Amino acid sequence: MVAPLRVGIAGLGTVGADVVRLIEVQSRVLSARCGRGVRVVSVTARSKAKKRGIDLRGITWAKNPLEIADDPNVDCFVELMGGVGDPALSAIEAALRNGKSVVTANKALIAKHGSKLAALAEKHGGALNFEAAVGAAIPVIKTLREGLAGTSINRVYGILNGTCNYILTRMELEGLSFADCLKDAQRLGYAEANPSFDVDGHDTAQKLAILASLAFGTKVAQNAVYVEGISSIAPADLRAADELGYRVKLLGVAVRTAKGIEQRVHPTMIPKSSSIAQVMGVTNAVTIDGDGVPPITLVGPGAGGAATASAVVADIADVARGIRANPFGRPVERLRVTSKAPMERHEGGYYIRLMARDLAGTAATIATRLAEQKISIESIVQRHPDGAFDAINNSAKPAPVPVILITYATSEDAVYRALQAVQKDKVITGRPQVIRIEKN
Ligand code: HSE
């Protein structure tokens with residue numbers, strides 16, 4: 001008879017409470033699947049008095065996370081407090097130094113300290129599992145680390161932030177403004193405490209940095225990710241994308257190029273026919289392109305207590321089974337350092353929306369400036385909204401009209417050089433809107 005795995009949990013927010021509940025509810029299933037029981041023996045949180053709807057009788061209430069990390073009666077330390085630094089970091093370090101296995105859902109901490117913590121886990125023999133840090137219940141870490149261990153990966157990309165996908169979906173389907181959709185996302189509890197973390201792309205960047213490390217064997221490096229959020233996306237872009245057969249999503253993309261590993265987060269036009277374009281609302285999805293394997297897309301709930309608890313308990317089950325994978329899929333000394341790929345050198349198709357002067361020669365000027373940079377146009381559309389002519393004098397001074405261009409693959413610096421020239425020609429007003437296109 002193998003002794004049960006003794007679990008200590010620091011942090012009893014929504015996820016922590018759901019983990020306690022799930023281990024209790026699934027106790028027989030876990031015993032059968034792991035060949036031994038899984039028992040929560042110790043917990044701690046900021047408030048002991050808070051009502052959580054879970055039965056903590058028979059479980060020790062520790063004074064602080066470090067007490068659990070140092071407790072010889074705990075085999076597996078589960079960190080669900082969040083935060084990029086202490087107390088989470090020092091408690092995880094202590095647990096690993098004590099030879100314990102660690103399970104965490106903390107994407108910020110893994111994105112910042114992942115390599116250092118993986119080295120500690122390796123040295124002291126414990127596991128470091130963080131499935132819940134990316135895409136919550138979607139088993140994407142395991143897929144990259146274990147399921148595709150024999151496959152060379154060329155690109156991994158996905159919708160990694162539920163809040164942004166919820167906002168873009170409602171803007172597209174209901175024609176609502178960005179601000180109204182963000183308010184609803186906050187009311188429904190999808191958004192982070194500081195929603196800028198979601199809408200400015202940083203949450204996606206942390207998750208992408210973790211996926212890139214697993215896919216390409218690089219040291220996890222959040223500062224190697226180029227980041228752009230969704231706040232500049234207008235309903236006009238979503239309408240134009242729809243008409244042209246695309247959708248706009250905030251994607252995290254990590255791709256092997258001739259110039260190195262590109263890691264980027266930005267609003268992206270993707271063909272409506274792609275699997276990822278079908279993913280609406282708060283749902284997350286990740287597509288993995290590997291050599292000799294058609295693309296694999298994993299879709300599922302990327303946030304929320306129950307979804308995150310599902311991944312945390314799966315990680316605990318691996319510890320109970322005695323499975324210990326290298327946290328980033330290979331020994332830390334084999335992980336390469338990666339630098340930030342300059343976006344000027346990014347190559348791909350572009351969507352460009354300009355507010356153009358509606359007079360003879362404007363389209364010719366724009367086309368000339370693009371041609372000078374050897375940019376080939378796939379399509380060009382000019383919309384003439386009702387009442388676009390200047391109403392006051394009904395004269396020869398027409399109001400600007402939107403011109404939408406899709407380019408074939410080109411380089412980003414060529415696009416910006418062409419647009420600077422168009423601006424100097426004074427045939428457009430305002431800032432051009434530029435959205436990168438990602439082909440499937
Ligand atoms: N705020 C995040 C999201 C939660 O919207 O996806 C999960 O990381």
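The values are calculated or read from the model by the stated rules, or taken from the named source; none is laboratory data. Keep in mind it's a predicted model, so treat the numbers as computed, not measured. All Cβ positions, even for glycine, are placed from backbone atoms using ideal geometry, and neighbour counts span all protein chains on display. Just the protein is used for accessible areas: all its heavy atoms, side chains included, with ligands, DNA and RNA removed. Shrake-Rupley method; radii C 1.70, N 1.55, O 1.52, S 1.80 Å.
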| query | Pairing the Cα long axis of helix 14-25 with the longest principal axis of the chain, what angle in degrees results, from 0 to 90 and rounded to the nearest 10? | reply | 50 degrees
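Given the peptides 181-194, 222-235, arrange them by the average over their residues of other C-beta atoms within 10 Å, most packed first.
Numbers: 181-194: 16.1, 222-235: 18.6.
For the peptides 181-194, 222-235, the packing ranking is 222-235, 181-194.
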| task | May I ask you to give the percent of accessible area on the chain that is carbon plus sulfur, with a probe radius of 1.4 Å? | result | 52 percent
| task | Please give the helix 178-187 orientation as an angle from the longest Cα principal axis of the chain, in degrees from 0 to 90, rounded to the nearest 10. | result | 20 degrees
| field | Rg/Rg_globular for the chain, with Rg_globular taken as 2.2 N^0.38 Å and Rg from C-alpha atoms | value | 1.12
| said: So, R0 is 35 Å and r is the distance between the beta-carbons of residue 291 and residue 60; what FRET efficiency does that work out to, to 0.05? | reply: 0.10
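Just subtract the alpha-carbon distance of residue 70 and residue 193 from 0.36 nm times their residue separation and send over the number in nm, one decimal. List each step's numbers first, then the result.
Values: separation 123, 0.36 × 123 = 44.28 nm, distance 3.07 nm.
Full-extension gain reported as 41.2 nm.
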| message | Give me the one-decimal nm value for the distance between modelled label points at residue 381 and residue 51, 7 Å along each residue's Cα-to-Cβ direction. | response | 5.3 nm
| message | Would any residue of the stretch 178-218 have its amide N under 19 Å from a label point 7 Å out along Cα→Cβ of residue 242? List them or say none. | response | 178-182
| request: Kindly report the accessible area of the stretch 141-301 per residue (heavy atoms of protein chains, probe 1.4 Å, no ligands, DNA or RNA), in Å². | output: 35 Å²
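Find how much the distance from residue 151 to residue 359 grows on full extension, using 0.36 nm per residue of separation minus their present alpha carbon separation; answer in nm with one decimal. Don't jump to the answer; show the numbers that get you there.
Values: separation 208, 0.36 × 208 = 74.88 nm, distance 5.46 nm.
Here the answer is 69.4 nm.
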| query | residue 48: which lysines have alpha carbons under 20 Å from its alpha carbon, excluding same-chain residues fewer than 8 sequence positions away? | reply | 63
| request: Kindly state, as a whole number, the per residue volume in cubic angstrom of the convex hull around the alpha carbon atoms of the stretch 256-377. | output: 203 Å³
| note | By accessible area (1.4 Å), largest first, 42, 376 order as 376, 42
| request: For the chain, find the longest principal axis of its Cα atoms and tell me its angle to the long axis of helix 305-321, 0 to 90°, nearest 10. | output: 50 degrees
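So what's Rg/Rh here for the stretch 1-116, counting alpha carbon atoms and using the Kirkwood radius for Rh?
On the way: Rg = 13.8 Å, Rh = 14.4 Å.
Ratio value, two decimals: 0.95.
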| Residue among 370, 129, 160 farthest towards the positive dipole end of the chain, charges placed on Cβ | 129
| Do any of 340/424; 249/374; 259/439; 374/426 go past 23 Å between their Cα atoms, and which? | 340/424; 249/374
